[in-house]
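Heads up, the thing below is written out as structure tokens.
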Amino acid sequence: MEQLLFINACVRGEKSRSLKLTRRFLEGWRKAHPDSTVTEVDLCKLRPVPQYPEVLAQRDELWNAGKLDDPMFDLAHQFAGADKIVIAAPFWDLSYPAILKIYLERISVTNITFGYDEQGNSVGLCRADKLLLITTRGGNFSLPETAWMEMGARQLEALCTMYGIPSFQCLAAEGLDDVRNDKQAILNEAMGRADALAEVF
Ligand SMILES: Cc1cc2nc3c(=O)[nH]c(=O)nc-3n(C[C@H](O)[C@H](O)[C@H](O)COP(=O)(O)O)c2cc1C
């Protein structure tokens with residue numbers, strides 16, 4: 001039995017196309033993995049507090065006292081212990097909504113999600129073997145001339161290396177706000193890719 005952790009950063013809620021695509025993926029994944037569980041962390045409900053000075057000071061104090069079992073680190077332990085991770089987030093300002101960055105800062109805790117070996121090398125401590133980002137974008141940022149501007153998937157891919165998660169994948173539907181495109185056709189095609197990926201993820 002596997003535990004899939006679903007991080008929901010879709011700020012527009014049920015109107016979100018990224019969320020619709022993710023729900024389709026999860027529906028397929030549940031069918032393909034009937035004994036597994038999906039745990040959702042809805043960031044707009046959870047509203048994690050940014051690491052303002054006092055929050056960071058509290059975190060440092062707890063960490064220095066070795067209190068890694070404090071509730072402040074619950075999200076980090078949950079992330080570190082998941083078998084599979086799915087993040088749903090729209091493409092905002094060339095990356096993703098700030099609420100997701102706040103979450104990532106909160107779960108990036110030394111000796112929980114990542115650490116260092118005796119030689120000082122960075123070591124990932126997360127259990128998951130796969131992390132999937134599901135996103136939709138207004139423009140197309142997979143073209144040779146635009147791919148360099150995409151900062152969301154690329155940042156998450158780099159973080160996967162830090163966390164020790166060997167496989168990063170991104171399921172994206174692009175060009176959804178380009179008036180020249182058939183939005184429904186783009187979404188339908190992405191739904192098909194979501195179904196196929198759900199079988200093997
Ligand atoms: C605050 C905000 C910022 C956005 N920034 C970008 C952007 O930088 N590039 C882009 O192509 N689309 C951008 N978009 C468009 C969204 O990526 C696109 O509409 C996407 O499908 C929204 O996903 P959702 O339906 O899951 O909310 C932005 C939309 C919003 C609301």
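Scanning segment 154-201 for residues that are outside any helix (DSSP H, G or I) and either among the aromatic types (Phe, Trp, Tyr) or within 13 Å of the ligand (Cβ to nearest atom) (or both) gives PHE168, LEU171, ALA172, ALA173, GLU174, GLY175, LEU176, ASP177, ASP178, VAL179, ASN181, PHE201.
In this structure, does VAL86 turn out to be at pLDDT 95 or above, in a strand (DSSP E or B) and not polar (S, T, N, Q)? In short, yes. Considering only residues that are more than 14 Å from the chain's Cα centre (by Cα), more than 22 Å from GLU199 (Cβ to Cβ) and more than 8 Å from the ligand (Cβ to nearest atom), which ones fall in segment 7-35? Passing the criteria: GLY13, GLU14.
Residues in segment 27-52 that are part of a loop (DSSP other than H, G, I, E, B) and more than 16 Å from GLN3 (Cα to Cα): ARG47, PRO48, VAL49, PRO50, GLN51, TYR52. All told, GLU174 falls short of being under 15 Å from the mean Cα position of the chain (by Cα) and charged (D, E, K, R). Quick check on segment 5-24. Is at least one of its residues in contact with a Gly (Cβ under 9 Å, 6 or more places away or on another chain) and closer than 22 Å to LEU131 by Cβ? Yes: one or more hits.
Checking each residue in segment 110-153 for being surrounded by 18 or more Cβ atoms within 10 Å (Cβ to Cβ), β-branched (Val, Ile, Thr) and within 15 Å of the ligand (Cβ to nearest atom) picks out ILE134, THR135, THR136.
The values are calculated or read from the model by the stated rules, or taken from the named source; none is laboratory data. All of these numbers come straight from a predicted model, not from anything done at the bench. Cβ atoms come from the backbone with ideal geometry, glycine included; neighbour counts cover every protein chain shown.
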